[in-house]
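Reviewing the structure listed below.
No lab work stands behind these numbers, since they all come straight from the coordinates. Quick caveat: nothing in here was measured; it's all calculated off a predicted structure. Positions of Cβ are backbone-derived with ideal geometry, glycine not excepted, and every protein chain shown enters the neighbour counts.
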Amino acid sequence: MQPNLMQHHVEVMISTQDIQQRITELAQRINHDYQHAAHHLVLVGLLRGSFIFMADLCRQITVPHEVDFLTASSYGNAMSSSRDVKIIKDLDQDIRERHVLIVEDIIDSGNTLSKVRELFWLR
């Protein structure tokens with residue numbers, strides 16, 4: 001007989017419908033804010049967590065835009081964030097003089113996002 005495994009209770013905190021509604025609101029705001037931009041907007045997804053959210057968002061953005069991805073890690077093999085951020089996969093395109101919107105999944109310490117933003121400003 002197998003030992004009794006812990007039973008998990010999963011509670012939905014934010015419904016799919018609420019998430020989709022917020023994505024629509026964000027896309028409308030982006031469309032409004034960048035409708036007269038001189039250069040195409042570049043959406044940069046921080047992989048891997050942002051991928052699905054970013055795909056849903058991109059489908060609703062109507063202003064000209066491009067998509068790129070960056071993989072950065074401040075965790076290494078640890079469970080908690082360190083101050084050091086390692087770029088594992090850099091952007092494929094030049095973002096100089098471009099409007100860049102960074103799409104992140106979950107912000108834990110904010111360290112990775114802060115370091116990536118700093119890196120982009122230097123470019």
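Peptides 67-74, 36-43, 49-56 ordered by packing proxy, namely the average of other Cβ atoms within 10 Å per residue, highest first: 67-74, 49-56, 36-43. The amide H of Ile102, built 1.01 Å from its N in the peptide plane, has Val44 as neighbours under 5 Å, considering only residues 5 or more places off or on other chains.
Translational diffusion coefficient, Stokes-Einstein: compute it for the chain using the Kirkwood radius over C-alpha pairs as Rh, at 10 °C and 1.306 mPa s, and state it as an integer in µm² s⁻¹. For the chosen part, D equals 96 µm²/s. DSSP beta bridges in the chain, what fraction antiparallel, as a percent rounded to 5? Close to 20 percent. Across the options Val100, Gln7, Val116, the greatest Cα extent toward the positive end of the charge dipole of the chain (unit charges at beta carbon of Lys, Arg, Asp, Glu) belongs to Val116.
With contributions of -39500 (n - 2.57) from each DSSP H run of at least four residues, the per-residue ellipticity at 222 nm computed over the chain stands at -10500 deg cm²/dmol. Over all other residues within a Cβ to Cβ distance under 15 Å of Gln60, the charged ones net out to 0, with Lys and Arg as +1 and Asp and Glu as -1.
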